[in-house]
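What follows is a short report on a single structure.
The values are calculated or read from the model by the stated rules, or taken from the named source; none is laboratory data. Since we're looking at a predicted model, the values are computed, not measured. Cβ placement follows ideal geometry from the backbone for every residue including glycine, while neighbour counts extend to all protein chains displayed.
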Amino acid sequence: MTMSQLLDYAAIFFLCVLTASSLDTFTAAVYEHAVILPNATLIPVSHEEALLLMNQNLDLLEKAIASASKQGAHIIVTPEDGIYGFNFNRESIYPYLEDIPDPQVNWIPCNNPDRLSCLAKENSSYVVANIGDKEAMQWKLVARYHKQNLFLGEDQFNAPKEAEVVTFNTTFGKFGIFTCFDILFHDPAVTLVKDFHVDTILFPTAWMNVLPHLSAIEFHSAWAMGMGVNFLASNLHYPSKKMTGSGIYAPDSPRAFHYDMKTEKGKLLLSQLASHPHPTAVVNWTSYASGIEAPSMGNQEFKGIIFFDEFTFLELKGVTGNYTVCQKDLCCHLSYKMSEKRSDEVYVLGAFDGLHTVEGSYYLQICTLLKCKTMDLHTCGDSVETASTRFEMFSLSGTFETQYVFPEVLLSGIQLAPGEFQVSSDGRLCSQKPLSGPILTVTLFGRLYEKDSAPNAFSDLRVGPNPM
């Protein structure tokens, strides 16, 4: 078998030994793992050296899994690349790969002396772990998923020939899984929710934060709210690569989250979730905004860049106001009231309607209220982590052409605002009370999957077995 054939997949697998009656709630755990990386080299090491490194990471993962189990966790998610790290090519990754079995085969993992597969049995819980897959063998697992949408730099792996939709049933709901960059695309992420009706998404990731709209806790919590599902996100902890941000998110609000760019420590999060979240109300994302006539703003609008995309901006000049800014078919409307209009901070309303083409190709419609980095309007859209301006209220809406809109509210210090905002059925993202901290951004992040330049082939999905 050739090297290219051996390195086909990056796989996620689950190990299960739980038996119980049906549960209305369950305890979820996610572990943000401070991964130990191998020495920087593109020359393959021996398998013994690779095992030494992987066992160092497994020592940390084992402690987290045991701690979660003692605290009553029914399921724990660990990060993408959590066992061996990153920065590999197709040759140097090979010593770290394992044979990932087919879940259809009736085999109990811990009957063989494999450390990773015994963690679930020893702790009586479901364990989600990530490791490269070189060849399928005969095991019995709950499920196995191969990442579909590979990020830049993941040349050591191939995407599966057919996109997979993998689900499994438990006594506490139906679960689906996808990994990291998958979240920005229709398949398998949206398909799992809309067509397979999962209750909870399991999301191992190695997520590099990109402000103002794609920090981990911000976007992952927004996806949970926008799609109406529980979402368990486990990120690597590697601040020098801007990797931090894990959370346990319910459709109505984050239950637990962690963001830490200052220390090198991992973090275990636990929280209780409903096994079957109540269906969220249907939102007509254009209803309110389409009834507002867009005023002519003359030459007050200006252009600015957010993550390589050119937005149309409008400066907020008063302590209170109503503003509209448009780009192409998208018009964004904002009503707001600040506690005070500070002389050392600038906020803008922005709109983007177009194809993002940098690390991937995906069509966006975005309405955003955000703080500029400095008083210079050319810095609007730059990464900002702190703010001082407090808002007593805001209402943001837009004329979106999609039902897939993800509501974000991010506060100073990269903090979320649980229970402080809501989405109305007519498409407004509104504050419920004066926010607990200064605003970095309030955003409606829309995805038009049908306008992606190279859309995933929805009809080519391969459905994974449900052995439970």
Q. Hey, any hits in region 347-363 for a residue that's closer than 22 Å to Phe421 by Cα and either surrounded by fewer than 19 Cβ atoms within 10 Å (Cβ to Cβ) or not aliphatic (A, V, I, L, M) (or both)?
A. yes
Q: Specify the residue that is surrounded by the most Cβ atoms within 10 Å (Cβ to Cβ); the eligible residues are those in region 382-413 that are more than 21 Å from the chain's Cα centre (by Cα) and in contact (Cβ under 8 Å) with a residue 60 or more places away in the chain.
A: Gly398
Q: For region 85-96, enumerate the residues that are of a type outside the set (Gly, Ala, Ser) and either closer than 17 Å to Ser240 by Cα or not assigned by TED's automatic domain parsing to the domain that holds His33 (or both).
A: Phe86, Asn87
Q: Would you tally the residues in region 366-390 being within 14 Å of Phe307 (Cα to Cα), assigned to a loop (DSSP other than H, G, I, E, B) and touching a Lys or Arg at 6+ places or on another chain (Cβ under 6 Å)?
A: 2
Q: Please enumerate the residues belonging to region 45-72 that are in contact with a Leu (Cβ under 6 Å, 6 or more places away or on another chain) and not in a helix (DSSP H, G or I).
A: Gln71
(Q) Take the conditions under 10 Å from the mean Cα position of the chain (by Cα), among the aliphatic types (A, V, I, L, M) and in a helix (DSSP H, G or I) and apply them to Ala233. Does it pass? (A) no
Q: Specify which of the listed residues (Ala417, Ala454) is at pLDDT 95 or above and of a type outside the set (S, T, N, Q).
A: Ala417
(Q) So, in region 414-426, exactly how many residues are farther than 19 Å from Gly446 by Cα and in contact (Cβ under 8 Å) with a residue 60 or more places away in the chain? (A) 5
Q) Given region 239-330, what strands (runs of 3 or more DSSP E) lie entirely inside it while holding 1 or more residues that are among the basic types (Lys, Arg) and surrounded by 15 or more Cβ atoms within 10 Å (Cβ to Cβ)? A) 254-258, 267-274
**Q.** Of all residues making up region 414-452, the number that are of a type in the set (D, E, K, R), surrounded by fewer than 22 Cβ atoms within 10 Å (Cβ to Cβ) and more than 20 Å from Met338 (Cβ to Cβ)
**A.** 4
Q: Among residues belonging to region 331-357 that are in contact with a Leu (Cβ under 9 Å, 6 or more places away or on another chain) and assigned to a loop (DSSP other than H, G, I, E, B), point out the one that is modelled with the highest pLDDT.
A: Val346
**Q.** Single residue of region 395-414 satisfying the filter (aliphatic (A, V, I, L, M) and not in a loop (DSSP other than H, G, I, E, B)) that is nearest to Gly226 (Cα to Cα)
**A.** Val405
Q. For region 179-191, does any single residue satisfy the condition of being aromatic (Phe, Trp, Tyr) and buried (at least 24 other Cβ atoms within 10 Å of the Cβ)?
A. no
